[in-house]
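Structure record follows, encoded as structure tokens.
The values are calculated or read from the model by the stated rules, or taken from the named source; none is laboratory data. Because the structure is a prediction, the values reported are computed rather than measured. We place every Cβ from the backbone using ideal geometry, glycine too, and count neighbours over all the protein chains shown. When the accessible area is computed, the model is the full protein with side chains, heavy atoms only, and any ligands, DNA or RNA have been set aside. Shrake-Rupley method; radii C 1.70, N 1.55, O 1.52, S 1.80 Å.
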Amino acid sequence: MRIAYITETYPPELNGVALTVQRTVDHLRSGPHEVELVRPRQPHEAPRCDAEEWRTAGLPIPMYRDLRFGLALGRTLRQRWQRARPQLVHVATPGPLGWAAVRTASAMGLAVTSDFRTNFHQYSHYYGLGWCEPLVRGYLRRLHNTSHRTFVPTYSVRRGLSHQGFERLAVVGRGVDTERFSPEHRNPALRREWGAGRHTPVLLYVGRLAAEKNVPLALQAFEHLRARLPQAQMVVVGDGPMRKRWEHDYPAARFVGPLRGEALAQHYASADVFLFPSLSDTFGNVVLEAMASGLAVVSYDTGAAGEHIEDGESGLLARPGDETGFIAAACSLLLQPGGLRAMREAARRTALEATWRSVLTRFEAHLLDAAHAVEATHARTACPA
């Protein structure tokens, strides 16, 4: 099947969506499919426009200068797809490029699918723009309801979106690379760099340092723990617009910047407890990465944590929005460490069941089903009984 895959984030950008998109495209290309990747050109990248990839014009996102949104005219997309007609157009991100692709594909009678990956309508509250939320939600609903199928990461997200009028939702989940993220990457030398001995508790956060990620709650949990266990350490992996401010506000935490590959795997495996305080993520790939690395996770009962963590066995869950409960859970885990080892082992076992192969095979089957359903509809219309 020929697939046009539209995304406004892709490596060299470093975020969960970009890395998942790259993995998905690689999976589809490893099979019998032809994939045309359409994405914005990143700064310092060479232009490209061929059958496999078109790097469109793009502009920085105002509040995320290191991320970009794509720009393309519908007529340009139409011309490309008239020369090499895809059987399906998949839109991974809902920006201007994604919207242009949805409208053009619909006008051409092509099968269209889309991903709901990010609660953009909720982000407005974190930037003093709460009045925008209904507008952004309406935009997202129109875009996704124009597609023939929208993929969501969890059943809870599907329920929430269904109540808001989103249609034709399918759960495909997320996976984790349990060889890349593994307890085997634990590095005592790295722990010594952090000032941590063998039994020193180390808390970890990995992710974007932006307002909607609620990172200060994790840092506050660390401060509460440090008041009882002064030797405790906190490591923060990632970058973003709030990094300098939080480094200033929480000088006891160690901010190491963005990491990938072996360095990231070692940072996961060398910590003890992973804190994930976000309420804006639809999933949170980092939760599964932490579990695969053998970390106990403290999170709100939502997203990947709500889907994969058994409270009290493979991690601790707080009621969404209960900041006191979140901090108490983090502290209790390390102030009474007797069950921590068993919890970390249970987290690893759970992650071993969440393979990318099963997730991407299910996603691929959905794409084929959507394309065939649209083709069958066109055939019935062309040859009425």
Checklist entry - How long is the gain from ARG319 to GLU375 if the chain were fully straight, where each residue apart is worth 0.36 nm and the alpha carbon distance is subtracted? => result 15.7 nm
Item to check | Mean separation of Cα contacts under 8 Å (6+ apart) over length of the chain, as relative contact order % | outcome: 14
Item to check | Magnitude of the charge dipole, segment 238-385, Cβ model with Lys/Arg +1 and Asp/Glu -1, debye to 20 | outcome: 300
Checklist outcome for this item: Among (i) 1.03; (ii) 1.40; (iii) 0.96, the value of Cα Rg over 2.2 N^0.38 Å computed for this structure carries the label (i)
Checklist entry - Which residues' amide hydrogens lie under 5 Å from the amide hydrogen of MET234, considering only partners 5 or more residues apart or on another chain, with H built in the peptide plane? => result LEU203, ARG254
Checklist outcome for this item: Any residue on another chain or 5+ positions along whose placed amide H is under 5 Å from the amide H of THR282 is listed here as ASN119
Checklist entry - Relative contact order for segment 228-385 using alpha-carbon pairs under 8 Å, separation at least 6, rounded to a whole percent? => result 16
Checklist entry - Carbon and sulfur atoms: what percent of the 1.4 Å accessible area of the chain do they account for? => result 52
Next on the checklist: Check which residues have an amide H placed less than 5 Å from GLU36's amide H, if you skip close sequence neighbours.
Outcome noted: ILE3, ALA4, TYR5
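Between ARG180 and GLN220, 0.36 nm times their residue separation minus their Cα-Cα distance comes to what?
11.4 nm
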Next on the checklist: Placing +1 on the Cβ of each Lys and Arg and -1 on the Cβ of each Asp and Glu in segment 153-303, which of HIS185, THR200, LEU169 has its Cα farthest towards the positive end of the resulting dipole?
Outcome noted: THR200
Item to check | Pairwise label distance in nanometres, ARG159 with ARG349, each label 7 Å out on the Cα-Cβ vector | outcome: 2.6
Checklist entry - Of all GluC sites (Glu not before Pro) in segment 163-225, which ones are in loop regions per DSSP and have a Cβ with at most 16 other Cβ atoms within 10 Å? => result GLU167, GLU179
Checklist outcome for this item: Magnitude of the Cβ-charge dipole (Lys and Arg +1, Asp and Glu -1) of the chain about the Cα centre, nearest 20 debye, reported as 800
Checklist entry - Label-point separation (nm) for GLU193 and GLU45, each offset 7 Å from Cα along Cα-to-Cβ? => result 2.9
Next on the checklist: Starting from 0.36 nm per residue, how many nanometres of slack lie between HIS248 and ARG75 once their C-alpha separation is accounted for?
Outcome noted: 57.4 nm
Checklist entry - For the chain, what is the accessible area per residue in Å² when the probe is 1.4 Å? => result 45
Checklist entry - What are the trypsin sites (Lys or Arg not before Pro) within segment 249-345 that DSSP puts in a loop, where the Cβ has at most 10 other Cβ atoms within 10 Å? => result none
Next on the checklist: Explain nothing, just compute: Karplus ³J(HN,Hα) = 6.51 cos²θ - 1.76 cosθ + 1.60, θ = phi - 60°, for every residue of segment 299-309 in order, whole Hz, x for Gly and Pro.
Outcome noted: 8, 6, 7, 7, x, 4, 5, x, 7, 10, 8
